[in-house]
Amino acid sequence: MKKDDRKLMKLSVENVQNVVRDCLFNEDEVKDGSPICDFEVGLGVVHNFCFHAGRLAQHNDDILDMINQLPDIENKTSFLSLCMTSEGVQWGEHKDIEQLVALGIASGNLEYCYPREMWPMLPGSLPVVVKTVKSKNKEM
């Protein structure tokens, strides 16, 4: 199948969780509590994620597909708004949003607009994110 023929990944809790699960390290890829191969860190709101760099890169298009279904993501968007799709359908809860944002941060497809120290001043004390122009994976 050509890259152009692939099916777009729908933004859903199940799809986000499947991508996260696939990008996390397996037991045989960790030694003494540390990954033994390249990794990318996805800084979440509550949790931080350590993703296998190779599998994260393989899922880059899927991650972008899901990010592109978020409302007004090319502009600064509050974490509070990310539970809805651009069509106004609720797709997940805060824990699901955090996982998608962590995938986006780790893959270079999203970035936080303000440092964590400023989050308490933002609505709900939650971050604002924006889609990046270029992802790390596309620059490799």
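The values are calculated or read from the model by the stated rules, or taken from the named source; none is laboratory data. Note that the coordinates shown come from a computational prediction; the quantities given were computed from them, not determined experimentally. Here Cβ is always computed from backbone atoms with ideal geometry, including for glycine, and neighbour counts include all displayed protein chains.
Mind listing whichever residues of segment 42-98 are β-branched (Val, Ile, Thr) and part of a helix (DSSP H, G or I)? Walk me through it before giving the result.
First pass over segment 42-98, keeping only residues β-branched (Val, Ile, Thr): 45-46, 63, 67, 73, 77, 85, 89, 97.
Passing the criteria: ILE63, ILE67, ILE97.
What residue, of VAL30, VAL46, is modelled with pLDDT of 95 or more and of a type in the set (Val, Ile, Thr)?
On the way: VAL30 fails: modelled with pLDDT of 95 or more.
Answer to the check: VAL46.
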Flag if ILE36 is without any contact (Cβ under 8 Å) to a residue 60 or more places away in the chain and surrounded by 14 or more Cβ atoms within 10 Å (Cβ to Cβ): no
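May I ask you to say which residue of ASP96, ASP72 is at negative phi and acidic (Asp, Glu)?
Being at negative phi and acidic (Asp, Glu) holds for just one of ASP96, ASP72, which is ASP96.
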Does GLN17 qualify as being closer than 20 Å to GLY104 by Cβ and free of Cβ contacts under 8 Å to residues at least 24 places away in the same chain? no
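Among the listed residues ILE63, ILE67, ILE36, identify the single one that is at pLDDT below 95, aliphatic (A, V, I, L, M) and either within 15 Å of ASP96 (Cα to Cα) or more than 12 Å from the chain's Cα centre (by Cα) (or both).
Numbers: ILE63 fails: at pLDDT below 95; ILE67 fails: at pLDDT below 95.
Every option except ILE36 fails the conditions.
So in segment 8-34, with the set limited to residues that are outside any strand (DSSP E or B) and touching a Phe, Trp or Tyr at 6+ places or on another chain (Cβ under 8 Å), which one is nearest to GLN69 (Cα to Cα)?
Here is the first cut: in segment 8-34, the ones outside any strand (DSSP E or B) are 8-23, 25-29, 32-33.
Those still in the list that are touching a Phe, Trp or Tyr at 6+ places or on another chain (Cβ under 8 Å) too: 11-13, 20, 23, 25.
Details: LEU11: 7, SER12: 10, VAL13: 13, VAL20: 18, CYS23: 21, PHE25: 27 Å.
Out of the qualifying residues, it is LEU11.
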